[in-house]
Amino acid sequence: MKVLIPGALRSYTETSEAEASGATLAAVFADLDRRYEGIRFRVVDEQDRIRPHIRIFVNGRQVRDLWQPLGASDEIVIVQALSGG
Amino acid sequence: MARNTKKSTARKKVSITGAPRSRPTRRVLVMVATRKGAWLYHGDAARKAWRCNGPHFLGHIVNHLVLDPRDGQTLLAAAKTGHLGPTVFRSTDLGRTWNEAARPPAFRKPADGEAGRAVDHTFWLVPGHASEPGVWYAGTSPQGLFRSEDSGSTWEPFSSINDDLQYRKWMGTVQDGTPDGPKLHSILVDPRDPAHLYFGMSGGGVHESIDAGRSWTPLLKGLEVVEGFDQADATFHDPHCIRLCPSNPDRLYQQNHCGIYRLDRPSNEWARVGSAMPKRVGDIGFPMVVHPRDADTAWVFPMDGTTVWPRTSPEGIPAVYATRNGGKSWGRLDAGLPSEQAWWTVKRQAMTADASDPVGLYFGTTSGEVWASRDEGRKWTCMARHLPEIYAVETAQVA
């Protein structure tokens, strides 16, 4: 499925869009980490929690649960969410 | 940051002036970590001119940048961004290229299903003992201790404190610590014995291990705490920076929340040597620097710790204070520093010394300036300005 990558993570993917597969968000991040080593830990912490200033949208709906089931045609957007200087 | 990242660098010449002294045989590298990236300053043989190399990791919060003196080439950077989680970057070519750690410091998942802790940032990096090449230690926020045995590529937690119920109680919560999170810092390795270790916790006291970290003992005797709290409880001890004297590893100095202290082993009792500081300045501050060859000489950077703790230079007039007699007396060193309206201060790992003779001193300010002295603090010159808020300054001797 298609994963839209925010600017902060493009040093890993070098593109704004990546392909990954998995039946859950957790599986998709595991697949992304196989393709782009290190990317998962920047987004998901060691307790499997999405980091505080990262938001994940699946088909336009925000998801916080990594075990969320996914369909093969779902579109995932990773958003960097932080304001201030 | 992708692995194998090539780094484009901006270069400019920065000059400092001062009286001519004996020339060091190796060049000094000054490593500056800031809230928005890192910079390297390569000194000439006389430490008069500095070649700026940076920024590295522009936009990353870099808490520490340290070169391994054992191999002279492994450079580690503790970094994160506002959005992204923490990591450690490694370079073996003085920052021309960087690789990301394969497994950065991370806490274990709790076995009993309780909410586990997550590293917010790696705060402190230190190479291990000379007899253990490749070993590094890291301190994190929330407070945790980690070790690498492969020059910083993979890190493992020290469960003897990270998951110990007593230590977790002493560490408190993120609300109990410094404004941007409590920090484990000042990891010290006895140069005579790799199994003899110390560390400090910004909230949680000073601790010692003599068995390579399998067990730890608090070192609190003689240290004061804020009035009304229990001196015997490590929770209430806030060490800011602890240094071990390379020329006499039985001597430690500590700048903490309640003053400046010295410890001479085998005694376990700290003595408050900051009492000899001028009363109008006081002995509150964050950094502590020791002389590489003279255990009686140390430097501090006092700050205003009165009322609401402004965390500025007292009266807006910054100064370094030095002792040459183990803390019996202190002298003011401010030649060249601003004489008025300078409301910055220096964070706990943002002041350091080089190994040259005479010793060079360096500190980075919360307002983004790096100040240097080539003569042990007698005269100061600003060697960089307009940087982001400076979190750490370290030096190395490079060929």
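Quick rundown of the values:
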{"item": "Some residue of the stretch B:108-119 being within 12 Å of another protein chain (Cβ to nearest Cβ) and within 23 Å of the chain's Cα centre (by Cα)", "result": "yes"}
{"item": "Hey, A:GLU19 away from chain B (no Cβ under 14 Å), more than 27 Å from B:SER141 (Cβ to Cβ) and not polar (S, T, N, Q) or not", "result": "yes"}
{"item": "Test: residue in the stretch B:121-128 that is outside any strand (DSSP E or B) and over 16 Å from the mean Cα position of the chain (by Cα)", "result": "no"}
{"item": "Test: A:GLY60 is at positive phi and more than 9 Å from chain B (Cβ to nearest Cβ)", "result": "yes"}
{"item": "Residue identified as within 14 Å of chain A (Cβ to nearest Cβ), among the polar types (S, T, N, Q) and closer than 29 Å to B:THR366 by Cβ among B:THR97, B:THR87", "result": "B:THR87"}
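Residue-by-condition table, conditions (1) over 24 Å from B:ARG243 (Cβ atoms); (2) surrounded by fewer than 16 Cβ atoms within 10 Å (Cβ to Cβ); (3) of a type outside the set (D, E, K, R):
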| position | (1), (2), (3) |
| --- | --- |
| B:GLU156 | yes, yes, no |
| B:TYR167 | no, no, yes |
| B:MET171 | no, no, yes |
| B:GLN175 | yes, yes, yes |
| B:PRO182 | no, no, yes |
| B:HIS185 | no, no, yes |
| B:ASP190 | no, no, no |
| B:SER202 | no, no, yes |
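Values quoted throughout were computed directly from the atomic coordinates according to the rules given, and no laboratory measurement underlies them. It should be emphasised that the depicted structure is a prediction, and the values quoted were computed from it without experimental measurement. Note that we place each Cβ from the backbone using ideal geometry, even for glycine, and neighbour counts take in every protein chain shown.
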